[in-house]
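> Before anything else, here's the structure in question.
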Amino acid sequence: MTELVLTASGVAKSFGGIQALQDVSIAIRRGDIYGLIGPNGAGKTTFFNVLTGLYSRDSGSIELNGAPLQAQTPDAALVAGVARTFQNIRLFANLSVLENVMIGRHARTRAGVFAAILRLPSQRREEAAIEARARELLAFVGLAHRANDVARSLPYGEQRRLEIARALATDPQLLALDEPAAGMNASETRDLAQLIRAIRAQGITVLLIEHDMKFVMSLCDRILVLDYGRRISEGTPAEVRKDPAVIDAYLGTGQADEPGRAAA
Amino acid sequence: MPELPMIERLRRHPKAAWIGGALVAIALLLLPFALASVGTAWVRILNVAMLFILLSLGLNIVVGFAGLLDLGYIAFYAVGAYVYALLASPHFNLHLPFWVILPLGALVACGFGVLLGAPTLKLRGDYLAIVTLGFGEIIRIFLNNLSRPVNITNGPQGIARIDPIRIGGIDLGNSETWLGLTFSGPIKYYYLLLLVLMAVIVINLRLQDSRIGRAWEAIREDEVAARAMGINTTRVKLLAFAMGASFGGLSGGLFASIQGFVSPESFGLTESVMVLAMVVLGGMGNIRGVIVGALLLSFVPELLRYTVEPLQKTLFGKMLIEPEVIRMLLFGLALVLVMLYRPAGLLPSAVRRRELDEGRA
């Protein structure tokens, strides 16, 4: 059971003179919870954006389920099976919670203008299926009671969950979460860890960027550490924690064994 | 408050809904005769108002649903009108039937919609507004100048003696008497417009509540997030331009047949801005709001036209300010007031949705 869901090799990206990513490679096994960590400005979000097609890469290749990901646009990446959430939550703020998740079904449904105008039976069936699936996902993330609320009226933690439900609606192979625990209190963070495990239990691989070291270390199966756009370490949480290169990147001295303190 | 539960009970009663609908239908059917007893001019004004509702509903797809600011929308109206005028008038001596030209006009306008949409896909907000503004002007200037070396549009003189619509043996341009009632041309056109309007409203409602409608809303709310949700924004935006333009073209064809005459001056920037004002004033994205906005902005200026002059005559004994000036003054004032006190429009869309939800709970 070491099937790889996503591999990237030699990925590079620069903005003007700044080399944001240099020769980054990654191999994520299906069903893992994979962590991506590194000090601020290490290139984590840039790497996310390259993976999800928001940025085009300068060089390197990405394969999803063994098939190369050619088109470098967000919609192509999503159709191929990579869904994401954003560091600064990007919901459709003025739409209802239910509509947000229903929009997530867009790429997996077909009905066009004429089917909608004529209300063809196929279109009505599809609409019913979209809504049923959206409600199912809302129940899964614990927001069923919020379905008719306006997205912007939700508290922060629930907005995060809604964004995850919306991403799950796209039937992803790989769910990429950009700092999902940022700004959450201890109990919200615990609930989030539970939710991420439940997502993995459904067979979806999770890739996450996170600064909360306790969260990452306890949740992830493997971790990749970036610093200045380069891969400096990769392995299980225990391996990464002991890696002198990681300790050096976080603390700059190599003295402490608790990288979390520096990042918190 | 004993009335509230009563209203609530009526609202939930299926029979009440049917009776209410029937009453509205009867009122809509009798409306032109009531107006005709005041003066045939009012039936014409009503028809123009309905054309503007059609236009506003089309523009609402682009501006209200997809959030793309279009200041040149009247160009599609012009395209539809000229397609009708060229194919059903003595100008080229072509007299094709309406059921060929109206859809053709919508189709040609749709093509122009894609033509405008394609190069402007990366633009947003102000920049898009400027390009669409230019597009609207280009179409008008073309219509003005395509009379030489080959006379296609007849330039500023416009095209006259356009065929009225004929359905079966009924000529919508003539007056006829059935069952003791006089059906004048405008009254017959009113019924045609009512039919078209019903169809367009149903199409709009269905589009709004569909996969495509949700994709438009997603783009309006957050384009990056929409793309990350797998929405092909290029295709979906073009679709909005194409749909909006088709409705514009359809209304243009109807306009040409009703007026019997088209010239470039009917399709200036003022008209574009007027239609946009109807959408914004009524409530962008809300179909009911847009209809109310279009009705208000079509009727109120006409009412003023008929009241300002006599009022000044009785008050001062002479005309101090031209009706046209006062009309635009009050019109501007009304717009400023609405934007100050109801920035989301008279009937904003989100509020209505919340009200509906409360009603269900």
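Where a number appears in this text, it was derived from the coordinates with a stated rule and is not lab data. For clarity, every value in this text was computed on a predicted model and none was experimentally measured. Using ideal geometry, Cβ is built from the backbone for each residue, glycine included, and neighbour counts are taken over all protein chains shown.
> Treating only the Cβ of Lys, Arg, Asp and Glu as charged (+1, +1, -1, -1), what charge dipole size does chain A show about its Cα centre? Round to the nearest 20 debye.
Value, rounded to 20: 700 debye.
> Convert each backbone phi in segment A:226-232 into a coupling constant with the Karplus relation 6.51 cos²θ - 1.76 cosθ + 1.60 (shift: θ = phi - 60°), then list the ³J(HN,Hα) values in order as whole Hz, x for Gly and Pro.
After applying 6.51 cos²θ - 1.76 cosθ + 1.60, I find 10, 8, 6, x, 10, 7, 10 Hz.
> Whole Å is fine, so just give me how far the alpha carbon centre of segment B:53-85 lies from that of segment B:33-47.
Each part reduced to its Cα centre gives a spacing of 26 Å.
> Still on this model: How do B:LYS15, A:LYS214 line up, fewest other C-beta atoms within 10 Å first?
Least crowded to most crowded, the residues run B:LYS15, A:LYS214.
> What number in nm² do you get for the protein assembly as shown if you take the convex hull of its Cα atoms and divide its surface by four?
Here the figure is 37.8 nm², rounded to one decimal.
> Using modelled backbone amide H atoms (1.01 Å from N, in-plane), which distant-in-sequence or interchain residues come within less than 5 Å of A:LEU36's amide H?
For A:LEU36, whose amide H was placed from the backbone, the distant partners under 5 Å are A:LEU208, A:ILE209, A:GLU210, A:LEU224.
> Of B:LEU296, A:LEU98, how do they rank once you tally other Cβ atoms within 10 Å and put the fewest first?
Going from least to most buried by this count: B:LEU296, A:LEU98.
> Is it possible to state the helix-based mean residue ellipticity at 222 nm for chain A, with each DSSP H run of 4+ residues giving -39500 (n - 2.57), the sum divided by total residues, to the nearest 500 deg cm²/dmol? What is it?
-11500 deg cm²/dmol
> Can you tell me how segment B:81-202 classifies by the Cα gyration tensor, rounded, prolate or oblate, using a/c under 1.5 as the rounded cut?
Oblate.
> So who's got an amide H within less than 5 Å of the one on A:LEU4, skipping anything under 5 residues away but keeping other chains? H placed 1.01 Å off N, in plane.
Amide H to amide H, under 5 Å and 5 or more residues apart or across chains, A:LEU4 pairs with A:ARG30.
> Peptide A:116-127: average number of partner chain Cβ atoms within 10 Å per residue?
Counting other chains' Cβ atoms within 10 Å and averaging over A:116-127 gives 3.
> Among B:ALA78, B:VAL63, B:GLY113, whose Cα projects farthest towards the positive end of the dipole of segment B:1-141, with charges put on the beta-carbon of Lys, Arg (+1) and Asp, Glu (-1)?
In segment B:1-141, that residue is B:VAL63.
> What trypsin sites (Lys or Arg not before Pro) does segment B:123-209 have in DSSP loop regions with at most 16 other beta carbons within 10 Å?
Sparse-neighbourhood loop trypsin sites (Lys or Arg not before Pro): B:ARG124, B:ARG161.
> Can I ask one more? So what J values fall out for segment A:132-141 if you push phi through Karplus, 6.51 cos²θ - 1.76 cosθ + 1.60 with θ = phi - 60°, rounded to Hz, Gly and Pro as x?
For segment A:132-141, the Karplus curve yields 4, 5, 5, 5, 4, 5, 5, 5, 4, 8 Hz.
> Quick one: net charge around B:ASP171, please, counting Lys, Arg +1 and Asp, Glu -1 for every other residue with C-beta under 13 Å from its C-beta.
After counting each charged neighbour, the total is 0.
> Taking only C-alpha pairs under 8 Å that are 6+ residues apart, what is the relative contact order of segment B:41-267 in percent?
Relative contact order here is 43 percent.
> Compute, for the protein assembly as shown, the length of the dipole vector about the Cα centre, with Cβ point charges of +1 (Lys, Arg) and -1 (Asp, Glu) only. Units Debye, rounded to 20.
Approximately 1080 debye in magnitude.
> Oh, and also: By the gyration tensor of its Cα atoms, with a ≥ b ≥ c the square roots of the eigenvalues, what is the shape of chain B: rounded for a/c under 1.5, prolate for a/b over b/c, or oblate?
rounded
> Please report how far the C-alpha centroid of segment A:130-157 lies from that of segment B:123-200, rounded to the nearest whole angstrom.
47
> Counting DSSP beta bridges with both partners in the protein assembly as shown, what percentage is antiparallel, nearest 5?
About 65 percent, rounded to the nearest 5.
> Give me a single rounded figure for A:89-100: the average over its residues of other chain Cβ atoms within 10 Å of their Cβ.
Across the residues of A:89-100, the mean count of other-chain Cβ atoms within 10 Å is 5.
> Now for a separate question. For chain B, what does -39500 (n - 2.57) per DSSP helix run (n ≥ 4), summed and divided by total residues, give at 222 nm, in deg cm²/dmol to the nearest 500?
Taking each H run of at least 4 residues, the total per residue is -24000 deg cm²/dmol.
> Work out the mean other chain Cβ neighbour count within 10 Å for the residues of B:231-242 and drop it here as an integer.
2
> Normalising by the residue count of chain A, find the relative contact order in percent from Cα pairs under 8 Å and 6+ residues apart.
Relative contact order comes out at 25 percent.
> Oh, and also: Rounded to whole Hz and in sequence order, give me ³J(HN,Hα) for segment A:101-108 from the Karplus expression 6.51 cos²θ - 1.76 cosθ + 1.60, θ = phi - 60°, writing x for Gly and Pro.
Residue by residue, segment A:101-108 yields 6, 4, 4, x, 7, 3, 5, 9 Hz.
> Next question. Under 5 Å between amide H atoms, partner at least 5 residues away or on a different chain: which partners does A:ARG230 have, H built in plane at 1.01 Å?
The list, which skips near neighbours in sequence, is A:GLN22.
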